[in-house]
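The values are calculated or read from the model by the stated rules, or taken from the named source; none is laboratory data. The structure displayed is predicted, hence computed values, not measured ones. When we count neighbours, we look across all protein chains shown, and the Cβ atoms used for this are built from the backbone with ideal geometry, even at glycine. Only protein heavy atoms, including side chains, enter the accessible area calculation; ligands, DNA and RNA are left aside. Shrake-Rupley method; radii C 1.70, N 1.55, O 1.52, S 1.80 Å.
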Amino acid sequence: MDKLKLALYWASSCGGCDIATLAIGEKILEVAETAEIVFWPVAMDFKYKDVERMPDKRIDACLFNGAIRTSEDEHMAKMLRTKSKIMVAYGSCAYEGCIPGLANFFSLKSILERVYEETPSTDNPGKVYPQTRVQMPEGDLEIPELKNMVKTLAQTVDVDYFVPGCPPEEKTTWLALEALLNGKLPERRSVISHSSKALCEECSLVREGRKVKKFYRPYEVIPDPEKCLLEQGLLCYGVATRGGCGAMCPQAGMPCTGCYGAVEGVIDQGVHFLTALGSIIDSTDPVEIKQIVDGIVDPAGTFYRYSLPVSLFRRAKSV
Amino acid sequence: MTRFEPKIVVFLCNWCSYAGADLAGTSRIQYAPNARAIRLMCSGRVEPYFILEALHKGADGVLVLGCHPGECHYLEGNYRTVGRMALLKKVLSQFGIEKERVRLDWVSASEGARFATIVNEMTETIRTLGPFEEKDA
C-alpha cells in the first residue's frame, strides 16, 4: 500500500505549530512508518516548484498552520488546496486568525506607519518603506504584499478539518494525525478536539459561586491554586473556550487565554466571554458596576485575542 | 433628498419595559416609528451577541430597556445587563463603532411617556450618526 502523503505548511505564524507537530514525541516514528512527508518547508528542503509540479490531489492531507496575511500565504493556500485531498487548518492562526489576526484592529497603513516611523527605536528620516518590488543590478527582487485584512484559512479556501490550539496540545495533534493515518475521519468541517464543551468542564479548580469586586491582571495577584481563577478576579477564559487541552494553564495558576476557540455552536467567542463576565460582578450599584468593568484594560484585545478574524465583525473600522 | 430613517431594534423586558411600551400605545402617545420591538423575559436575557447581530444584520442602533435598578422581576437581571453593556460599549469603541449606537435605559410599566421620549431621542441620535456600515475589506 502506498504511504499516506502528508504536507505541512506555515503561513503567517510564529513557528510554534510546526514545533507542536513534533511534540507527539516517539509517535513521530509511527507517522514516519505510515506516512511520507512530501512538503515541509520548516524542516526539510522542498521548493514551491516541487509542489507546483505535482498533479492535483496528489497530497493526501495537508496540515496548514498560520493565518492568511500576505499574497504568498494566499497563493500557497490556494495551491495546496488544489494539490491536497484533505485540507486541515492546524492551530489557532489557520483556524481563527489568532495573534496575527489582531492586526485587524488597525488599518494596514497605520501598522506600517507605526513600524517604520513611530516606534521609539525607529530611525527612518527618509521614510523608507518596504516595497513589493525593487530593481537591483542582478534583476528585480520581489517580496509578498501585506494585505489590509488578516483572514483565516477557511476564509480563503475550502477547509475539511480544524485543529484548535495555540499551539495544539500534543494529544489534540495526535487525535488529528491518528484519524488521518487510520483514515477514520470525523464529520467533515468539524473541529478536532477531545471536547466540544467549555474548558471549565475539565478544570479541577473549585468553583464556589463567588462574585468579583475587581478584575486583576495575572501579574497583580498570586491566586489560590485550588480555586477557580475567574472567581478570584482573573480573566480566565475557560467559560467561553472549547476544552480538550486538559486545562493545564488554569491548573498551573495561569488564566486560560482562550486559544482553543469558541465552544461548539458559538459564533463570536469574544462577546460570549463578555456575557459571562456580566454575571459575576459583585455589585448592585450601576455606578460601581461600571467602575469594576472599567478596570479591564483593553477588553476587545483580551476577549478577541485569538478570534478577531472569525468574529462577527472580523475587523475594526479603519481610522 | 429623503431623510435617513434609522432602523432601531428595541429589546424590551416582559415585566416593565414592554408594559411601558404597551402603555404608550394604549395612551396613544405618538413616537418615532423607527423602533422594532423584541420582547424578552428580562433585559438580562439580552446577550451582547444579539446586539452585535442586530447591527450586523442591518440595524443602525440598538436600545435595551429594562426595569429600573432594584425593580427587576428576577431581582438582579438588570444588574448583569449594566455590566455587559458597559463592557460592550468599550469593545464597540475599540471596533471603531460609535458607542451611542447602543443604549441601555430603564422604563417601568407606568412610564409610557418615558418610553416614547427614549425612542424619539434614540432615533434622533442615530439619525445624526447616519447609517451603520461595517468595514469589511
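Using the scaling law 2.2 N^0.38 Å as the reference, what is the normalised Cα Rg of segment B:8-129?
Computed over Cα atoms of segment B:8-129, the ratio equals 0.98.
Dipole orientation for segment B:8-129: of the candidates B:Pro48, B:Val62, B:Gly83, B:Pro48 has the Cα lying most toward the positive pole (charges on Cβ; Lys, Arg +1; Asp, Glu -1). Comparing the full protein assembly with the isolated chain, the residues of segment A:277-296 losing at least 20 square angstrom of accessible surface (1.4 Å probe) are A:Gly278, A:Ser279, A:Thr284, A:Pro286, A:Ile289, A:Lys290, A:Val293, A:Asp294. By the Cβ distance rule (another cysteine Cβ under 4.7 Å), the unpaired cysteines of chain A are A:Cys14, A:Cys17, A:Cys62, A:Cys200, A:Cys203, A:Cys228, A:Cys236, A:Cys245, A:Cys249, A:Cys256. Accessible surface for segment B:8-129, divided over its residues, is 41 Å² per residue with a 1.4 Å probe.
Taking a ≥ b ≥ c as the square roots of the Cα gyration tensor eigenvalues, with a/c under 1.5 meaning rounded and otherwise prolate when a/b beats b/c, else oblate, which class fits segment A:199-308? Oblate. Taking amide H positions as modeled 1.01 Å from N, with prolines and chain starts lacking one, the residues under 5 Å from A:Val212 and 5 or more places away or on another chain are A:Ile281, A:Asp282. Element breakdown for segment A:199-308 at a 1.4 angstrom probe: carbon and sulfur atoms account for 54% of the accessible area.
Of the peptides A:46-52, A:119-125, B:64-70, the order by per-residue mean of other Cβ atoms within 10 Å, starting with the highest, comes out as B:64-70, A:46-52, A:119-125.
Computed from backbone phi, the HN-Hα couplings of segment B:45-52 come to 7, 6, 6, x, 4, 4, 5, 4 Hz, rounded to whole numbers (Karplus: 6.51 cos²θ - 1.76 cosθ + 1.60, θ = phi - 60°; Gly and Pro given as x).
What segment A:199-308 shows is 43 Å² of accessible area per residue, with the surface traced by a 1.4 Å probe over protein heavy atoms. Dipole check for segment A:64-113: with +1 at the C-beta of Lys and Arg, -1 at the C-beta of Asp and Glu, and the Cα centre as origin, the magnitude is about 260 Debye.
For the residue pairs A:Lys49/A:Lys147; A:Lys5/A:Lys197; A:Lys197/A:Lys227; A:Lys3/A:Lys57, the C-alpha atoms sit more than 22 angstrom apart in A:Lys49/A:Lys147; A:Lys5/A:Lys197. Starting from the Cα gyration tensor of chain A, take the square roots of the eigenvalues, sort them a ≥ b ≥ c, and report rounded, prolate or oblate (rounded when a/c is under 1.5, otherwise prolate if a/b is larger than b/c, else oblate). Oblate shape, in that a/c is at least 1.5 and b/c is the bigger or equal ratio. For segment B:8-129, with only Lys/Arg (+1) and Asp/Glu (-1) charged at the beta-carbon, what is the dipole magnitude about the Cα centre, in debye rounded to 20? Taking the Cα centre of segment B:8-129 as origin, the dipole is about 200 debye. Remark: spin-label model distance A:Ser196-A:Lys227 equals 3.5 nm, labels positioned 7 Å along the Cα→Cβ axis.
Peptide packing: for A:290-299, B:99-108, the average count of neighbouring Cβ atoms within 10 Å per residue gives the ranking B:99-108, A:290-299, highest mean first. The aspartates and glutamates within cross-link reach of A:Lys211, meaning a Cα-to-Cα straight distance under 12 Å and a gap of 8 or more places when in the same chain, are A:Glu231, A:Asp282. Using a cutoff of 8 angstrom between alpha carbon atoms and counting only pairs six or more residues apart, the relative contact order for chain B works out to 37 percent. For the residue pairs B:Lys57/B:Lys99; A:Lys290/B:Lys89; A:Lys290/B:Lys57, alpha carbon separations beyond 22 Å are given by A:Lys290/B:Lys57.
In a reduced charge model with +1 at each Lys and Arg Cβ and -1 at each Asp and Glu Cβ, chain A shows a dipole moment near 720 debye about its Cα centre. Return the residues of segment A:259-274 for which accessible area with all protein chains present is lower than in the chain on its own by 10 Å² or more; set the probe to 1.4 Å and exclude ligands, DNA and RNA. Those residues are A:Ile267, A:Asp268, A:Val271, A:Leu274. What residues from segment A:115-151 fall in the zone where the backbone N is under 16 Å from a label point 7 Å along the Cα-to-C-beta line of A:Tyr48? Flagged as within label range: A:132-134, A:140-147. Taking a ≥ b ≥ c as the square roots of the eigenvalues of the alpha carbon gyration tensor, segment A:105-240 is oblate, as a/c is not under 1.5 and a/b does not beat b/c.
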